[in-house]
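Structure, as structure tokens:
Bear in mind that the values in this text are calculations on the coordinates, not laboratory data. This structure is a prediction, so every number in the text was calculated from the model and none was measured. Cβ sites come from the backbone with ideal geometry, for glycine too, and all protein chains shown count toward neighbours.
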Amino acid sequence: MLLTVTDLRKTYATADGPFDVLRGVDLTLDAGETLALTGESGSGKSTLLHLIGGLDAPDGGRIVLDGTDLATLDDTGRAAVRRGTVGVVFQQFNLIPSLKIADNIAFQARLAGRYDAAWCQTLADRMGLVSQLNKYPEQLSGGQQQRVAIARTLAPRPKLVLADEPTGNLDEATAANVLALMLELVADTGAGLLMVTHSDRLAGQMQHRLHLALGQIAGPVA
Ligand SMILES: Nc1ncnc2c1ncn2[C@@H]1O[C@H](COP(=O)(O)OP(=O)(O)OP(=O)(O)O)[C@@H](O)[C@H]1O
């Protein structure tokens with residue numbers, strides 16, 4: 001199993017006292033599987049993604065990623081997971097304005113020491129970005145920028161792709177197109193994909209679907 005989350009718990013300290021945002025979340029994801037995570041605003045979807053991505057630490061439970069219990073890692077180990085095993089796509093594109101598109105696509109792969117020029121070229125080609133490679137992010141449309149962000153995430157060939165509303169600020173037609181491309185490329189790399197979305201339509205394009213409510217998985221959605 002690529003990802004096993006068991007009884008995951010997270011509590012935030014707030015002005016009104018402790019707030020249990022995750023109250024025992026269980027999920028599994030295998031390599032090559034796609035899973036949509038839905039839930040109302042504030043239900044803890046982003047928190048769950050951050051914990052799985054090693055960006056924050058849980059208060060209880062276990063996350064085993066590619067055979068490694070994240071709790072056994074120190075900061076350096078978690079940073080290595082973030083660079084190598086996991087790739088994250090956010091709603092905000094977070095491209096580097098001073099770098100050309102080609103270098104934005106290559107950025108994380110270079111950081112991870114896994115730059116592969118031919119694969120970056122393939123990603124650019126499949127994402128329809130070949131004619132944009134010498135431009136800067138500000139010269140691209142939102143849909144194009146999001147395709148760059150996805151290509152950048154896939155460039156180091158992460159085993160697990162976490163996506164937090166990756167098409168949330170694109171119009172519906174562009175969002176569907178970008179998601180279809182992402183699903184194709186994730187399938188090609190054999191990675192697992194866990195994607196947060198508010199859209200029933202986009203969730204319907206994924207193999208599995210879970211709903212988060214009251215800090216727990218409320219079960220698969222038909
Ligand atoms: N660092 C923090 N400190 C305190 N409370 C937080 C913190 N981060 C998130 N929260 C609270 O935890 C709850 C869950 O937040 P989270 O962002 O995980 O939800 P979400 O399901 O991703 O929401 P949305 O769909 O609106 O993005 C919210 O009530 C939020 O206000």
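Charged neighbours of GLN146, selected by a Cβ distance under 13 Å, balance to -1 (K, R count +1; D, E count -1). The separation of region 13-29 from region 174-222, counted between C-alpha centres, amounts to 22 Å. The mean sequence distance of close C-alpha pairs (under 8 Å, at least 6 residues apart), as a share of the length of region 3-220, puts its relative contact order at 30 percent. Let me test this: with uniform point scatterers at the alpha carbons of the chain, what is the Debye-based log₁₀ I(q)/I(0) at q = 0.08, 0.10, 0.14 1/Å? So the normalised log intensities work out to -0.28, -0.43, -0.85. Given GLY168, LEU129, SER141, which one lies farthest toward the positive end of the charge dipole of the chain, if we put +1 on the Cβ of every Lys and Arg and -1 on the Cβ of every Asp and Glu? Checking the options against the dipole of the chain, the answer is LEU129. The alpha-carbon of LYS100 sits under 16 angstrom from the alpha-carbons of these lysines, leaving out residues fewer than 8 places away in its chain: LYS135.
Taking the Cα centre of the chain as origin and assigning +1 to Lys and Arg Cβ atoms and -1 to Asp and Glu Cβ atoms, the resulting dipole is close to 520 debye. FRET efficiency for the THR122 to LEU99 pair, using the beta carbon distance and R₀ = 22 Å, is estimated at 0.65.
For region 80-208, just say rounded, prolate or oblate: build the C-alpha gyration tensor, square-root its eigenvalues into a ≥ b ≥ c, call rounded for a/c under 1.5, and beyond that prolate if a/b exceeds b/c, oblate if not. Oblate. Using the Cβ-Cβ distance between ASP56 and ASP7 with R0 = 25 Å, the FRET efficiency computed as 1/(1 + (r/R0)^6) comes to roughly 0.90.
Excluding same-chain neighbours fewer than eight residues apart, the lysines reachable from LYS10 by a Cα-Cα span under 29 Å are LYS45, LYS159. Counting only Cβ charges, +1 for Lys and Arg and -1 for Asp and Glu, the dipole size of region 104-220 around its Cα centre is about 360 debye.
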